[in-house]
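The values are calculated or read from the model by the stated rules, or taken from the named source; none is laboratory data. Everything quoted here is computed from the prediction, not taken from an experiment. Note: ideal-geometry Cβ built from the backbone for every residue, glycine included; neighbour counts use all protein chains shown. When the accessible area is computed, the model is the full protein with side chains, heavy atoms only, and any ligands, DNA or RNA have been set aside. Shrake-Rupley method; radii C 1.70, N 1.55, O 1.52, S 1.80 Å.
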Amino acid sequence: MKTQVGIIGGGPSGLILSQLLHLQGIDSVILERKTTDYVLTRIRAGVLEQGLVDLLHEAQVFERMEKEGEIHDGFDIAYNGKTHHVNLKKLTGTGVMIYGQTEITRDLIDARKKSGGVILEEAEVFDIQGLETDNPVIHFAQDGEDHILECDFVAGCDGFHGASRKAIPKEIIKTYEKVYPFGWLGILSETPPVSHELIYTRDEKGFSLCSMRHKMLSRYYIQVPLTDKVEDWSDDRFWDALKSRLPQNVADKLITGPSIEKSIAPLRSFVCETMRYGRLFLAGDAAHIVPPTGAKGLNSAASDIHYLSRALIDFYKTGEEKGLSEYSSKALKRVWKAERFSWWMTSLLHNLPNSEGESGDFTGKMQEAELDYIFNSEAALKSLAENYVGLPY
Ligand code: RFL
Ligand code: PHB
């Protein structure tokens, strides 16, 4: 099998790239190790920056998002029993779009299939050869047999546990990582959201987040120790813990119900430098991970795809290689800023152990002082807001 761009991974990064290339007459094949049904059961991001919304318009996959998505002009941060509003629209001129990653993925798969796009399901890549040449070859297993895909370029869109990052020689790669000593327990429930906007809460008992997908679908998260298992958390225990962390006036309004999904996600910051090796280009979670606190994971994947799609289209249209050679440094510049913001917001709002040399509730006091500063300084609030809505591409 042969194509122009071999795309490893059929998550949002791979799908958007394939659609953008298709619209410019460039062929691609997506190799996805899971079934489409499985991919569509993964509950992940829900907050989209304007940059991603624009990219989906460019990909001509926006109709359902515009109809069913909701624009939020702000969100709340609660601490010490009170909520404080961050008016994104007033501070930055823009808001964010609330529309689930699952729905984006569904829309993209439909669009690709409608225009004859090739997405091979249960096709697991196990090796990539010839990345230093003009004709790389991807080796994958499907239906118990080994196959090859020959291509001009390989897009590594296969997430954190994928095969593509591992194809870069160890002596070339530099990685940076922070593993946080807690995770997020998330539930999805068919109940009306407790508030019309998101509420991030810092509390001594631990962080919590009230989010949503639409008017009858709520998404809630609480910080839990890494040793906890989903089975340890009945729905009742979850709702009690959430209520105990929210300001009283919010807890009083919370409508609970059975969970339709429940999972624990560990929190990690991770960056891989370089994002390019020969004819391999990493994008999205394959190259970087953020803790979800700033809602930057999917949005950073989108900015990678913005740079990569332009670079590939330029190459095929004009033979110009500048975009390809600058891809890694351009993408990483924006990625590091999203990493910084996600790390900062995580550190600001979670219950953290003291670092070496600290005593008393030093960390907690620093967090409170910083929150007080933010909500009493237009400059600090604006800095938070401009990072939250997304820095320019
Ligand atoms: P994905 O979505 O992980 O897709 C990678 C795909 O590659 C496949 N794959 C392979 N295929 C073939 N061969 C192999 N060897 C393969 N290995 C892997 C996988 O099956 C998969 O289908 O990566 P992509 O496309 O880069 O997209 C990244 C986003 O999914 C991720 O950044 C976000 O979900 C992160 N995230 C959030 N991001 C936001 O911008 N806003 C949010 O509000 C937000 N909330 C979240 C999140 C992530 C969460 N979890 C569970 C980690 C909330 C949570 C709880
Ligand atoms: C979500 O709705 O899943 C969500 C929202 C905001 C975040 C992280 C996750 O910061």
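Share of the chain's accessible area from carbon and sulfur, percent, 1.4 Å?
For the chain, the apolar C and S fraction of the accessible surface comes to 49 percent.
If amide H atoms are built 1.01 Å from N in the plane of the peptide, which residues on other chains or at least 5 residues away come under 5 Å of the amide H of Met212?
Arg219
Can you give the charge dipole size of segment 196-256 about its Cα centre, rounded to the nearest 20 debye, using +1 on the beta carbon of Lys and Arg and -1 on the beta carbon of Asp and Glu?
It works out to roughly 280 debye.
If ligands, DNA and RNA are left out, what is the accessible area of His196 with a 1.4 Å probe, given in Å² to the nearest 10?
130 Å²
From the backbone phi of segment 182-198, what are the Karplus-calculated ³J(HN,Hα) couplings (6.51 cos²θ - 1.76 cosθ + 1.60, θ = phi - 60°) in whole Hz, Gly and Pro given as x?
Taking θ as phi minus 60°, the curve returns 7, x, 10, 9, x, 10, 10, 9, 7, 10, x, x, 5, 9, 6, 10, 6 Hz for segment 182-198.
Run the numbers for Asp110 and Met366: contour at 0.36 nm per residue of separation, minus the present Cα-Cα distance, in nm.
Length gained, Asp110 through Met366: 87.4 nm.
Just how large is the dipole of the chain about the Cα centre, in debye to the nearest 20, putting +1 at every Lys and Arg Cβ and -1 at every Asp and Glu Cβ?
Around 640 debye, computed over the chain.
Under 23 Å between alpha carbons, and skipping anything fewer than 8 positions from Lys2 in its own chain: which lysines qualify?
Partners found: Lys34, Lys113, Lys114, Lys166, Lys317.
Taking only protein heavy atoms and a 1.4 Å probe, what accessible area per residue, in Å², does segment 249-364 have with all protein chains in place?
Accessible area per residue: 41 Å².
Testing the spin-label approximation: label points 7 Å from Cα along Cα→Cβ at Gln4 and Lys170. State their distance in nm.
If labels sit at Gln4 and Lys170, their model points lie 3.8 nm apart.
For the chain, take the longest principal axis of its alpha carbons; what is the angle in degrees between that and the long axis of helix 12-23, to the nearest 10 within 0 to 90?
50 degrees
For the chain, with a Gaussian network of springs between Cα atoms less than 10 Å apart, report the residue from Asp73, Asp314, Asp285 with the top mean-square fluctuation.
Answer for the Gaussian network model of the chain: Asp314.
In the chain, with Lys and Arg counted as +1 and Asp and Glu as -1 at Cβ, which of these residues, Gly11, Leu149, Ile104, has the Cα nearest the positive end of the dipole, that is, farthest along it?
Farthest towards the positive end: Ile104.
Add +1 for every Lys or Arg and -1 for every Asp or Glu among the other residues with Cβ under 11 Å from the Cβ of Arg64, and state the total.
After counting each charged neighbour, the total is -4.
List, in order, the whole-Hz ³J(HN,Hα) value for each residue of segment 29-38 obtained from phi through the Karplus relation with A = 6.51, B = -1.76, C = 1.60 and θ = phi - 60°; use x for Gly and Pro.
Those phi angles translate into 10, 9, 9, 10, 6, 9, 7, 4, 4, 5 Hz.
State in Å² the accessible area per residue of segment 179-220; use a 1.4 Å probe, count heavy atoms of protein chains only, and round to the nearest integer.
For segment 179-220, the solvent-accessible area averages 32 Å² per residue.
Give, as a single signed number, the net charge of other residues whose beta carbon lies under 14 Å from the beta carbon of Lys253, with Lys and Arg counted +1 and Asp and Glu -1.
Taking every other residue near Lys253 into account, the sum is -2.
Restricting to DSSP loop positions (anything but H, G, I, E, B) with no more than 13 other Cβ atoms inside 10 Å of their own Cβ, which trypsin sites (Lys or Arg not before Pro) remain in segment 289-366?
none
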